[in-house]
Amino acid sequence: MLRARCAALNVPLDLTQVRRLYAYLELLLQQRGRVNLTGIRDPAQAERLLLLESIATVLAVPNLRSASRDDAGLRLLDVGTGGGIPGIPLAIAFPHVAVTLLEATRKKVDFLQHVVQSLALENVAALWGRAEDLAHVPEHREHYDVVTVRGVSGLTTVAELALPFCKRGGLLAAYKSLPLDGELQAADHAIHALGGRKPRVMPFNLPELPAQHCLVTVEKSAVTPKQYPRRAGLPARRPLAQR
Ligand code: SAH
């Protein structure tokens, strides 16, 4: 399924990539009991929701594809990557994209480093830390072409954690479920204050994925003011729009 579907998405996978994707899934499902890496147990469901859905990000971020062809040096950061979703499947499918994984829980970072070593992933770096801290480090701030965030928080909080990492012209891609109800309107003020344009919503529209799953993308158009993100914990405890 995976190889055929990815080919249809114009993401051809060679045998090494397919083997790596399944080897990753096996490690993830094996170790999920020790560290809380994913709620999914069923391998067929994991193949769809973890591997395919991660790679399907290309539908909203087509330049992932061109980076794999002409080595454009695209940089992607996955904030709150947990067990590596979507960052690791993306790194395997797009080996010319430089992927940085950011995760606050040390045990999860240990797992990610184990994956990077066992699968010999040359385009992945795993960092232990909080987005609120790392976003103020000059080598990471306004540095990434694409910032992905899945399952971390509501859109207002996600915008504060992720947009400071995006370059101007870069893109935030957040994985969400429809209906978004008031989430877009509630995040409107924060996104604008952080330098983002109006969000776009793109349902994946693939038969293998739940119909309600979608990507919310925000293009960064202005530099983020220096005071953001606020100190660790505040973006989640007091989302900007609700002050
Ligand atoms: N993206 C993964 C994990 C989602 S769980 C997936 O979709 O499966 C959310 C993860 O984000 C947790 O592992 C948590 O430790 C991490 N996280 C939450 N807030 C964070 C922050 N401010 N900085 C870095 N990581 C954070």
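Of all residues in the stretch 135-145, those satisfying the criterion of being away from the ligand (no atom under 14 Å from the Cβ) and in contact with a Phe, Trp or Tyr (Cβ under 9 Å, 6 or more places away or on another chain) are Arg141, Glu142, His143, Tyr144. Taken over the stretch 146-160, the criterion of being farther than 21 Å from Pro225 by Cβ and either more than 15 Å from the ligand (Cβ to nearest atom) or buried (at least 24 other Cβ atoms within 10 Å of the Cβ) (or both) is satisfied by Val146, Thr148.
Which residue out of Leu112, Leu163, Leu76 is buried (at least 24 other Cβ atoms within 10 Å of the Cβ) and either within 10 Å of the chain's Cα centre (by Cα) or away from the ligand (no atom under 14 Å from the Cβ) (or both)? Spell out the reasoning first.
Working: Leu112 fails: either within 10 Å of the chain's Cα centre (by Cα) or away from the ligand (no atom under 14 Å from the Cβ) (or both); Leu163 fails: either within 10 Å of the chain's Cα centre (by Cα) or away from the ligand (no atom under 14 Å from the Cβ) (or both).
Just a single option satisfies the conditions, and that option is Leu76.
Counting only residues that are assigned to a helix (DSSP H, G or I) and free of Cβ contacts under 8 Å to residues at least 60 places away in the same chain, the stretch 41-53 holds 7 of them.
Within the stretch 80-88, none of the residues are within 17 Å of Pro210 (Cα to Cα) and in contact with a Cys (Cβ under 8 Å, 6 or more places away or on another chain).
The set of residues from the stretch 212-243 being within 14 Å of the ligand (Cβ to nearest atom) and either among the hydrophobic types (A, V, I, L, M, F, W, C) or part of a strand (DSSP E or B) (or both) comprises His213, Leu215, Ala232, Leu234, Ala236. Count of the stretch 142-180 residues, restricted to those that are charged (D, E, K, R) and part of a helix (DSSP H, G or I), is 1. Checking each residue in the stretch 116-134 for being assigned to a loop (DSSP other than H, G, I, E, B) and either more than 9 Å from the ligand (Cβ to nearest atom) or over 22 Å from Val152 (Cβ atoms) (or both) picks out Leu119, Ala120, Leu121, Glu122, Asn123. Among the residues of the stretch 181-199, is any more than 20 Å from Gly82 (Cβ to Cβ), within 16 Å of the ligand (Cβ to nearest atom) and not in a loop (DSSP other than H, G, I, E, B)? Scanning the stretch 181-199, I find at least one residue that is more than 20 Å from Gly82 (Cβ to Cβ), within 16 Å of the ligand (Cβ to nearest atom) and not in a loop (DSSP other than H, G, I, E, B), so the answer is yes.
Only the coordinates and a few stated rules stand behind these numbers; no lab work does. None of these values were measured; they are calculated from a predicted model. No Cβ is skipped: glycine too gets one built from the backbone with ideal geometry, and neighbour counts run over all protein chains shown.
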